[in-house]
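For reference, the structure is listed below as structure tokens.
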Amino acid sequence: MSTGLIIALIVIVAVVVAVAAVLTLRARGPRHGASLKRRFGPEYERAVARHDGDTKAAERELSERVERHGSLQVRPLEPAERERYEARWTAAQERFVDAPREAVAEADRLIAELAGTRGFPAGGQYEEQVAALSVHHAHHVEGYRRVHRVAQAHPDGAHDGAAGTEEMREAMVEARALFEELVRPSRHDAGRHGAVGERTAAPATRRDGHRTPSLLHRRQAKES
């Protein structure tokens, strides 16, 4: 076989391999994007918006989050730990009636502490903690972002009006969904501490049986 023919064959093989690789990437791309979209839900749309509609850039960012935090092992809570966190959240909700700013700040601190206790990056690494939470709790992490923004925006008594109070109330309500996911016993916890249905005080319910959101609405009634 001549040298020229050998070179031609090598070139043809290289071209075939390159074309196959491109076709494989194109075929895998939409499926990969669809997988990320299913996993991240609203967090996917938020990433795309932050990248000005560039889905490839958004998907690279989300894929990097999965690589960094997808294998994170969530630490179970002991029953006593769970009860303490639930009691603190209930107290923060009740405190909202008379001191909404302090209640929001406590909710922000409480979620950061609880996430750290469960094995996510510590609260002092806020951005990395949120990134990790978005991988495992994508549908509720925005509530944490919102309560954190509101807590940071009200450090000195600003926004005392009704609009500010409503903003804080909504942030508390939205953040509660993530709190409940973090404090809820997992199936692994159930294996360690008993049946999945073991008693846990619902963080949205007071000991007297009344739903805590009604406490938040009472402030509005008092101000109207």
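Each reported figure results from applying straightforward, stated rules to the coordinates on display, with no laboratory input. This is a predicted model, so every value here is computed, not measured. FYI the Cβ positions are ideal-geometry reconstructions off the backbone, even for glycines, and counts take in every protein chain you see.
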How many nm separate the modelled label positions at residue 102 and residue 52, each set 7 Å beyond the Cα in the direction of the Cβ?
4.6
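Round to the nearest 0.05 the FRET efficiency obtained for residue 72 and residue 94 when R0 = 35 Å and r is the Cβ-Cβ distance. Spell out each step's value before the answer.
Values: r = 33 Å, r/R0 = 0.93.
Rounded to the nearest 0.05, the efficiency is 0.60.
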Evaluate E = 1/(1 + (r/R0)^6) for residue 45 and residue 10, where r is the Cβ-Cβ distance and R0 equals 35 Å; express this FRET efficiency to the nearest 0.05.
0.15
Can you compute the modelled spin-label distance between residue 170 and residue 127, with each label point 7 Å from Cα toward Cβ, in nm?
2.7
Under the 7 Å Cα-to-Cβ spin-label approximation, residue 61 and residue 184 lie apart by a distance in nanometres of 2.7
